[in-house]
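First comes the structure, then the notes that go with it.
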Amino acid sequence: MSAESRGSKRIGSKQPGRGSHVAELKFEPALLINGRWDGSTSARTFAVDDPSTHEVLAELPFAGAADTEKAIAAAARAFETWKRTSALERADLLLKLAQLIGEFREPLAELTVLEQGMPIAAARGGVDYALSFFRWFAEEARRLYGETISHPDPTRKLIVEHFPRGVVGVITPWNGPLSAPAKKIAAALAAGCTIVMKPSELTPLSALALGWLARQVGFPPGTVNIVSGDAPQIGRALLRHPAVRTISFTGSLRTGRYLYTRAARQIKHVVLELGGNAPFIVFADADLDRAANDLIALKKSNSGQVCVAANRVLVERAVFDEFQSLVLARYSRLPVGDGFTVQVEQGPLITSQAADRVDELVRDALASGAAALCGAKRSELGPNFYPPTVLNSAPPTCRMVKEEIFGPVISLMSFKTEAEAIALANVTPHRLAAYAYSTNLERGWRMAKELDFGVVGINDPRPITCEAPFGGNCQAGIGREGGRSGLLEYLDSRLIGFRG
Ligand code: ADP
């Protein structure tokens, strides 16, 4: 079935003021396989809707195992040529893609707001962040040096070289519709790998737009393939195909654990970015104003739906009341609404089920003895909205302390000593990010050493950038994205011996 024969090809909103630039992105509501827009073999479709208004934005083919196998075959064929290109050739294309993403900044940002709901200013930042990875990996790929090693026998020489591993199965979540795919495909393409990507069915449009842009700048057919639809079937096809040598996933611990277990059957390499449960520690010697602002910046980002959002705010008892007042005054007044309204700083949650879950966590904390200082009830704006909520003293046994909240809730708890703060912070196995605020340099160093997380921000709410390795410890994941490490995830090292 061609893309043309499937129902509506319209993508975007019919309502005025909701993404008028999106039409500049000329991608099809289709699968992208071997450089062509394609339908699914099942002829089934699924709808993508706007979390703010519930308007249907597009109907997409519902891909299954056969479509995924077709995409893998295309990626495997393309790999035979792509792996032989020079780093410079790949860098040129990646830089052109970065440039084009910049040219389409506004349509891409609008598309993010439409399918994901975040405020337009945040969505623009998301486009810039996505772009930065293409530029970074273009530059980094050219600086991928091997090693020469002395052999104890002087007639021999050892060389270590890096080679692209093969097809990468990329599986991404809905909370970074453009940046999550960008991080992974920029690194994999720079390394010389080819890709079969499955974006979240809730937000597949930004990934398709990225696929279209990649095609526009001349990435060869088959280097980037995109399928979305039946997640378990697509996942199984990626896991069982021997040409797929890496699974790069961002999402829940549950899915990550499943993919890791199945990938083990063929000893596939995995990169797993799973959830976090970030402590945000505020010491009495912190700049409280700055700490409160940074906390709110972290929580309002994507309505708290980010894996590095502060999940447990631990405040030294001596300044608890003061800090609580600062947070409450600012967070309770945060403008909530539709992402296209300029002054809005917090949009909807991705689905009404996501809002239901946040409400369940809040009810559970209140039933366990926490106090609600603001919010803590369903919003009148619609089923996907949840108001900024501040809770005090949720006990360690309640769900929101143990699980990722993934919503606009600040949960404040007090501590007495530094040792207690460290113990509370490190209690979670979801060790992605942690934050500590103190103006005492020595304490800052101690925190950097003691907080056992993949990312630690000392007076810094966002140490995350394309230049640096990002990833979690313990059950927060395996592998790193960004930095030099991000490139190495897609390369096999080869030891080559020469004997004279
Ligand atoms: P979340 O709960 O944040 O949506 P998930 O882990 O369910 O996290 O989803 C992240 C990504 O993983 C999405 O693209 C989703 O469709 C995909 N996914 C979920 N289950 C599977 C599976 N069994 N096989 C492959 N991909 C899956």
Given the C-alpha centroids of the stretch 457-483 and the stretch 6-56, what is the distance between them in whole angstrom? 33 Å
Debye calculation, C-alpha points only, no solvent: report log10 I(q)/I(0) for the stretch 86-227 at q = 0.18 Å⁻¹, in the same order as the q values. -0.95
Coordinate range along principal axes, alpha carbons of the stretch 316-410, Å, largest first: 41, 27, 19
Kirkwood estimate for the chain, i.e. one over the average of 1/r between Cα atoms, Å: 23.5 Å
In which sequence would 301, 379 go, from the one with the fewest C-beta neighbours within 10 Å to the one with the most? 379, 301
Taking Cα atoms only, helix 105-116 is inclined relative to the longest principal axis of the chain by an angle, in degrees rounded to 10, of 60 degrees
Within the chain, helix-based [θ] at 222 nm, where runs of 4 or more DSSP H residues each add -39,500 (n - 2.57), nearest 500: -11500 deg cm²/dmol
Suppose the Debye formula is applied to equal point scatterers at every Cα of the stretch 345-500; what is log10 I(q)/I(0) at q = 0.11, 0.12 Å⁻¹? -0.59, -0.68
For the Cα atoms of the chain, what angle does the longest principal axis make with the long axis of helix 441-450, in degrees from 0 to 90, nearest 10? 60 degrees
Would you please put 306-313, 391-398 in order of how densely packed they are, using the mean number of other Cβ atoms within 10 angstrom per residue and starting with the highest? 306-313, 391-398
Which order results if 213, 253, 31 are arranged by neighbouring Cβ count within 10 Å, fewest first? 253, 213, 31
For the chain, longest principal axis from Cα atoms; helix 288-300 axis from its Cα atoms; angle between them, nearest 10 degrees, is 50 degrees
Calculate one ³J(HN,Hα) per residue across the stretch 42-47 by plugging θ = phi - 60° into the Karplus curve 6.51 cos²θ - 1.76 cosθ + 1.60, and present them in order as whole Hz with x for glycine and proline. 7, 6, 7, 10, 9, 9
Would you mind giving the average projected area, over all directions, of the Cα convex hull of the stretch 101-174 in nm² with one decimal? 7.8 nm²
Among 421, 288, 251, whose Cα projects farthest towards the positive end of the dipole of the chain, with charges put on the beta-carbon of Lys, Arg (+1) and Asp, Glu (-1)? 251
With a ≥ b ≥ c the root eigenvalues of the C-alpha gyration tensor of the stretch 210-267, is it rounded (a/c under 1.5), prolate (a/b larger than b/c) or oblate? prolate
Sort 163-169, 51-57 for me by packing, meaning the mean count of neighbouring Cβ atoms within 10 Å per residue, highest on top. 163-169, 51-57
Could you give the spread of the C-alpha atoms of the stretch 1-129 along their three principal axes, from largest to smallest, in whole angstroms? 47, 37, 20
Counting only residues 5 or more apart in sequence or on a different chain, those whose built amide H sits under 5 Å from that of residue 284 are 316
Where does each of 447, 197 land when they are ranked from fewest to most other beta-carbon atoms within 10 angstrom? 447, 197
Relative contact order, percent, the stretch 320-382 [alpha-carbon distance under 8 Å, six or more residues apart]: 24 percent
Mean separation of Cα contacts under 8 Å (6+ apart) over length of the stretch 223-363, as relative contact order %: 16 percent
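Just so you know, all these numbers are worked out from the coordinates, no wet-lab data involved. All figures in this text were calculated on a predicted structure; none of them were measured in a lab. No Cβ is skipped: glycine too gets one built from the backbone with ideal geometry, and neighbour counts run over all protein chains shown.
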